[in-house]
Amino acid sequence: MRSSGRNSSGRGDYRGTGGGAARSRSGGQRDDGQKRAGKPRPEERRYDMGGPVSDGPKKGRGATARGGAKGGPKQSPQRGGGRTAPARSREYEARAEERNRERHANKPRSSTPRTFPGAEQEGERLQKVLARAGYGSRRACEELIDQARVEVNGEIVTEQGLRVDPAKDVIKVDGLTVATQSYQFFALNKPAGVVSTMEDPDGRQCLGDYVTNRETRLFHVGRLDTETEGIILLTNHGELAHRLTHPKYGVQKTYLAAIQGPLPREVGKRLREGIQLEDGYARADHFRVVEQTGKNYLVEVVLHEGRKHIVRRMLAEAGFPVDKLVRTAFGPIALGDQKSGWLRRLSNTEVGMLMKEVGL
């Protein structure tokens with residue numbers, strides 16, 4: 001038997017005036033007033049603008065759009081019964097600012113006290129100076145300090161954050177002085193035929209041709225004659241260059257010379273004791289035979305003097321003219337396997353060794 005309120009599929013009979021409609025009329029539905037009290041209809045919503053609400057008729061879209069309804073700007077409630085402060089003009093703001101400046105113009109400025117550690121000191125942090133000098137990152141330089149490998153003015157640094165003056169303080173790493181300023185140091189393997197000047201008025205190839213793209217002006221440390229090959233230093237550190245070339249500091253230079261024999265044993269003793277030249281005696285600090293092939297000899301001469309053509313003149317006076325001459329070391333800086341015509345930057349360790357050689 002089929003029920004009067006349901007169809008065969010179990011759905012409510014909404015198409016006719018069956019039981020569903022009857023229940024609606026008989027009180028199963030809530031009162032309209034109660035429904036509106038719980039959730040008012042959109043047309044019945046009222047928006048509080050911060051002031052008294054007028055019960056009069058509202059015209060236009062803006063009347064209902066205020067306060068955040070769709071189509072109008074949001075406005076926040078104002079304090080004090082909805083009254084807003086009048087906007088001040090730009091001229092008024094400018095005059096007020098001018099009065100404030102005049103009021104505080106003659107007052108003394110109070111300096112804020114520095115309270116952080118080390119603020120009373122001047123200079124740069126030590127690890128920053130070391131990092132700029134090329135000893136690695138700041139963290140790596142901090143590790144050098146932790147390992148007690150850094151000293152400032154003769155005292156080993158044991159704490160981080162020490163401030164130094166790179167222009168005045170002497171900073172050393174592993175006993176070698178650090179070039180803290182913007183100095184540059186290079187070693188060039190000078191080929192034969194290159195003039196040992198930075199500029200040549202005759203247009204010949206010179207040392208300046210190898211450093212034309214450098215921002216800082218460099219100059220050479222000492223000289224090599226045109227036909228002599230080997231290492232020559234270039235830098236912008238004037239004091240270091242002066243000391244490296246001054247006989248007072250006794251910086252040794254090492255040369256390899258190709259000569260023709262036979263070579264008597266006493267020639268080395270004679271060179272070490274001194275040979276009379278036209279400008280005075282010249283003495284070698286060291287002499288030895290490196291290689292011999294028949295009558296061809298390769299000898300090593302070490303001396304600390306830097307007079308013009310001194311090695312060639314000494315060997316020629318001893319009876320052995322030089323066929324080829326190469327300078328293989330300048331103080332602690334060796335030529336090594338550096339190719340002819342190649343320029344390389346000296347490492348921090350090499351720069352420190354040079355400075356230690358001359359007492360810097």
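The values are calculated or read from the model by the stated rules, or taken from the named source; none is laboratory data. Nothing here was measured: the structure is a model prediction, and the numbers come from that model. Note that we place each Cβ from the backbone using ideal geometry, even for glycine, and neighbour counts take in every protein chain shown. For the accessible areas, the whole protein counts, side chains as well, though only heavy atoms, and no ligand, DNA or RNA atoms are used. Shrake-Rupley method; radii C 1.70, N 1.55, O 1.52, S 1.80 Å.
Table for the structure above
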item: Cα gyration tensor category, rounded, prolate or oblate, for segment 123-180 with a/c compared to 1.5; result: rounded
item: Ranked order, Lys190, Lys248 - accessible area, probe 1.4 Å, largest first; result: Lys248, Lys190
item: Gyration tensor verdict on segment 185-358 (Cα atoms; rounded if a/c is under 1.5, prolate if a/b is larger than b/c, oblate otherwise); result: prolate
item: Amide hydrogen neighbours beyond the local backbone of Gln252, cut-off 5 Å, H modeled; result: Gly331
item: Charge context of Gly268, other residues only, Cβ under 14 angstrom, K/R +1, D/E -1; result: +2
